[in-house]
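Visitor: Structure provided below as structure tokens; questions to follow.
The numbers here are math on the coordinates, done by the rules we state, and not lab data. Predicted model only: the values in this text are computed from it and were never measured. FYI the Cβ positions are ideal-geometry reconstructions off the backbone, even for glycines, and counts take in every protein chain you see.
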Amino acid sequence: MEIKNTIWMTGNLEWFAYIGEDEVFLGSREVPYPLEEGDKWTNQYGDTFQVTDGEIRLTGRTAPPERHW
């Protein structure tokens with residue numbers, strides 16, 4: 001499956017993508033790799049994403065996941 005969004009990873013292992021005209025932080029370790037149709041995840045800020053029709057979509061916002069150190 002080909003992802004239609006432009007995506008990249010920084011040297012800090014953080015994933016970003018263009019969703020529409022906006023540069024969006026997708027997450028780091030929580031981003032599934034390789035991305036497949038139907039994948040869903042929530043980044044550390046509570047933004048939820050889903051891959052639909054080969055495109056990453058911002059589906060909403062929830063409470064940020066609890067981080068355990």
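Visitor: What percent does the relative contact order of the chain come to when contacts are Cα pairs within less than 8 Å and at least six residues apart?
Guide: Contact order relative to length: 24 percent.
Visitor: Would you pull out the residues with amide H under 5 Å of residue 56's amide H, same chain only if 5 or more places away, H placed 1.01 Å from N?
Guide: 4, 5
Visitor: Tally Lys and Arg at +1 and Asp and Glu at -1 over the other residues with C-beta under 9 Å from the C-beta of residue 51: what net charge comes out?
Guide: -3
Visitor: Treating only the Cβ atoms of Lys and Arg (+1) and Asp and Glu (-1) as charged, compute the dipole magnitude of the chain about its Cα centre; round to the nearest 20 debye.
Guide: With only Lys, Arg, Asp and Glu charged at Cβ, the dipole is about 260 debye.
Visitor: Next up: Would you work out which of 31, 45, 7 lies farthest towards the positive end of the dipole of the chain, given +1 charges on the beta-carbon of Lys and Arg and -1 on that of Asp and Glu, about the Cα centre?
Guide: 45
Visitor: Need one number: nm distance between label points at residue 36 and residue 8, each 7 Å from Cα along Cα→Cβ, rounded to one decimal.
Guide: Reported label-point gap for residue 36 and residue 8 is 2.8 nm.
Visitor: Okay, moving on. Measure of size requested: the Rg and Dmax of the chain, with Cα atoms as the atom set and Å as the unit; please supply both.
Guide: For the chain, the Cα-based Rg and Dmax read 11.6, 36 Å.
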